[in-house]
Structure formats: structure tokens, C-alpha cells
Amino acid sequence: MGVIQLEVLNHQVLERFNLQVDFEEPEVLYKETIKTETTGFGHFEPYRHYAEVKLRMIPAKRNSGITYSSSLNHDILHYRWQKTILKLINPACKKGILTGSLVTDIHFELIKGSAYQEYTVGGDFAQAVTRAIRQGLESTENILLEPYYKFKITVNQDLCGRVMNDITKMYGTFDAPITIGNNSIINGRIPVASSMNYAKDLLSFSKGKGNISFLFDGYDVCHNTDEIIKKYNYDSSSDPEFTSNSVYCGKGIVYSVLGYEAENHRRG
């Protein structure tokens with residue numbers, strides 16, 4: 001929400017409930033995706049448990065979200081387990097490796113999976129799927145995404161140059177201005193993070209005569225990726241709930257294998 005909307009909300013809460021509330025500085029929610037196709041492998045085999053999963057991960061159209069399918073024959077892995085695996089993909093995409101933000105815009109294809117009738121339970125596949133996705137993310141280039149607005153700004157022609165300069169500084173883009181009478185109309189697209197206070201600034205320097213409208217326009221590549229990654233300071237290798245390491249059991253001993261080595265691992 002913009003600053004003006006928050007001021008209105010503050011007033012309404014005070015008026016209706018007699019509560020004085022304060023808002024911290026608004027922040028945007030980032031997302032992550034992958035640039036190129038990759039595969040991810042996860043193996044989970046502590047004592048008397050077993051699950052193995054391999055997923056093909058394909059970059060999807062921007063703002064298409066997470067989709068999934070299976071190319072496995074039911075004779076290789078029972079339909080019940082395939083259905084379980086596909087349901088577990090969304091929960092396993094809660095954290096990416098750049099900032100720990102939600103992973104999106106990927107099509108997952110189940111290309112390999114195995115289970116033991118005697119030992120496997122659904123929770124085993126939850127572990128294997130999470131490890132497979134994490135390992136796949138670590139095997140390719142990741143992209144940080146941020147939310148964008150479409151905007152329409154109407155100002156006096158004398159202020160048109162200033163507005164276009166402001167938009168450029170905020171890493172936005174715009175079409176050629178349209179002139180109607182003494183006013184200029186500017187349409188374009190801009191990151192939410194850099195423009196959330198601009199409505200207030202516009203009202204100020206236009207003496208209340210300027211007008212701006214925003215429409216959410218999905219997510220796209222972040223304009224200041226390095227800065228945001230540094231700000232979040234997320235260490236993907238130290239997140240115990242989202243690890244790429246696989247778990248094996250050999251000669252009664254349970255041990256961990258690094259994600260990139262797991263698929264080709266051979267028990268000693």
C-alpha cells in the first residue's frame with residue numbers, strides 16, 4: 001500500500017476503534033526463479049525410510065507461477081506416490097537460494113522416482129522433493145524478481161520533463177507523452193519499490209494538480225538485485241529446512257551426501 005493509503009487507514013482505525021497505530025516503512029515482497037533449464041535430485045533414506053526423486057526444472061512464462069507434470073510410467077512408480085510428489089512441489093518452493101524468497105515461474109516435470117513398499121511414507125517424499133528442488137536451484141543461474149506497477153500520470157505540460165526524469169531515476173520506462181490541452185499524460189511501467197512514495201511527491205510539486213494511478217503489473221527482473229541480496233544476507237547453505245544434501249543409509253549408518261554428488265553416489 002502507498003503512503004497515502006496508509007495515512008487513510010491510520011485515520012480510519014483511530015476514528016472507528018479509538019486506536020492509535022503506527023506503520024513501519026513499507027517493503028515489497030520479492031520472488032525468485034531460474035534462467036535456464038536444469039534438473040534436481042533428492043534422496044532421503046534414514047533408517048527404515050526411503051524416497052528418491054528427480055525433477056526437470058524448466059523456466060516458465062513470467063507470472064505463470066508453479067506448474068508440474070509427470071513423465072513416469074505408473075509401473076515404475078505407483079500413481080499414488082506420483083500424485084504425492086506433485087502435491088509437495090509447491091510447499092518446497094517457499095524459499096529460493098538468493099534471498100530465501102518464494103520460488104515461482106517454473107514448470108517441474110517428474111522424470112524419476114522410487115519408493116520401497118515396506119518403508120516409504122509420504123513424509124519421505126516431502127524430504128526428497130525439497131532436496132531435489134534445492135539441488136536444482138543450486139545447479140543453475142537464479143533470477144531475483146520484484147513487483148511492478150503500470151502507471152498513468154497526468155500533469156501540466158510544464159512539469160512533463162521533470163516527471164519523465166523522475167521516472168528514469170526510479171528505473172521506470174514510459175511511452176511518448178500524450179498532450180491534451182495544457183496537460184501531458186504519461187503511461188509506463190515502474191518498480192513498486194522505487195515508486196511507492198512518488199504519489200505524495202507528485203502532489204507536492206504539482207501543488208495538488210497532478211494525478212497518478214497505479215495498477216499492479218506482476219513481477220519482473222529486479223532492478224537492484226545485488227543490493228537486495230546483500231540486504232537480505234541469506235545463507236542458503238545454512239538453512240536446515242531447505243538443504244540440497246541427500247541422506248543415505250549404508251551398513252546401518254546414516255550419512256549425508258552433498259547435493260551435487262548425490263545422484264552419482266555409490267555406497268561404500
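The values are calculated or read from the model by the stated rules, or taken from the named source; none is laboratory data. Just so it is clear, the model here is predicted, and its values are computed rather than measured. Note that we place each Cβ from the backbone using ideal geometry, even for glycine, and neighbour counts take in every protein chain shown.
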* Is at least one residue of the stretch 93-109 surrounded by fewer than 17 Cβ atoms within 10 Å (Cβ to Cβ) and among the aromatic types (Phe, Trp, Tyr)? -> no
* State all residues of the stretch 172-220 that are part of a loop (DSSP other than H, G, I, E, B), touching a residue at least 24 places away in the same chain (Cβ under 8 Å), surrounded by 15 or more Cβ atoms within 10 Å (Cβ to Cβ) and out of contact with any Gly (no Cβ under 9 Å at 6 or more places or on another chain); if no residue qualifies, say none. => 206, 210
* **From the options 245, 233, 183, 224, residue that is farther than 30 Å from residue 51 by Cβ and more than 17 Å from the chain's Cα centre (by Cα)** => 183
* **Hey, residue 111 aliphatic (A, V, I, L, M), at pLDDT 95 or above, under 24 Å from residue 261 (Cα atoms) and assigned to a loop (DSSP other than H, G, I, E, B) or not** => no
* Name every residue in the stretch 235-268 that is among the hydroxyl-bearing types (Ser, Thr, Tyr) and either crowded, with 16+ Cβ neighbours inside 10 Å or more than 24 Å from residue 66 (Cα to Cα) (or both), in order of residue number. => 236, 238, 243, 244, 246, 248, 255, 256
* Taking the stated definitions as given, is residue 151 touching a Lys or Arg at 6+ places or on another chain (Cβ under 8 Å), assigned to a strand (DSSP E or B), over 15 Å from residue 31 (Cβ atoms) and touching a residue at least 60 places away in the same chain (Cβ under 8 Å)? -> yes
* Asked: Which of the residues spanning the stretch 121-145 are β-branched (Val, Ile, Thr) and outside any helix (DSSP H, G or I)?
  -> 121, 140, 143
* Structure fact -> Checked 32, 52, 109 against criteria (among the charged types (D, E, K, R), touching a Phe, Trp or Tyr at 6+ places or on another chain (Cβ under 8 Å) and under 20 Å from residue 241 (Cα atoms)); the one match is 52
* To do: Could you list all residues from the stretch 221-258 that are modelled with pLDDT of 95 or more and part of a helix (DSSP H, G or I)?
  => 225, 226, 227, 228, 229, 230, 231, 232
* **Checking residue 119 against (1) in contact with a Phe, Trp or Tyr (Cβ under 7 Å, 6 or more places away or on another chain); (2) buried (at least 18 other Cβ atoms within 10 Å of the Cβ); (3) touching a residue at least 24 places away in the same chain (Cβ under 8 Å), the condition it does not meet** => (2)
* Of all residues in the stretch 57-79, count the ones that are within 17 Å of residue 38 (Cβ to Cβ) and under 23 Å from the mean Cα position of the chain (by Cα). => 8
* Qualifying positions in the stretch 128-164 - farther than 30 Å from residue 100 by Cβ and either within 31 Å of the chain's Cα centre (by Cα) or not acidic (Asp, Glu) (or both) -> 152, 153, 154, 155, 156, 157, 159, 160, 161, 162, 163, 164
* Structure fact -> So, first residue aromatic (Phe, Trp, Tyr) in the stretch 75-96, second residue crowded, with 18+ Cβ neighbours inside 10 Å, Cβ within less than 8 Å, six or more apart or across chains; the pairs are 81/113; 81/115; 81/120; 81/125
* Does residue 71 count as hydroxyl-bearing (Ser, Thr, Tyr), over 22 Å from residue 220 (Cα atoms) and surrounded by fewer than 18 Cβ atoms within 10 Å (Cβ to Cβ)? -> yes
* Asked: Pick from the stretch 26-56 the residues that are under 21 Å from the mean Cα position of the chain (by Cα) and charged (D, E, K, R): which of them is nearest to residue 97 (Cα to Cα)?
  -> 32
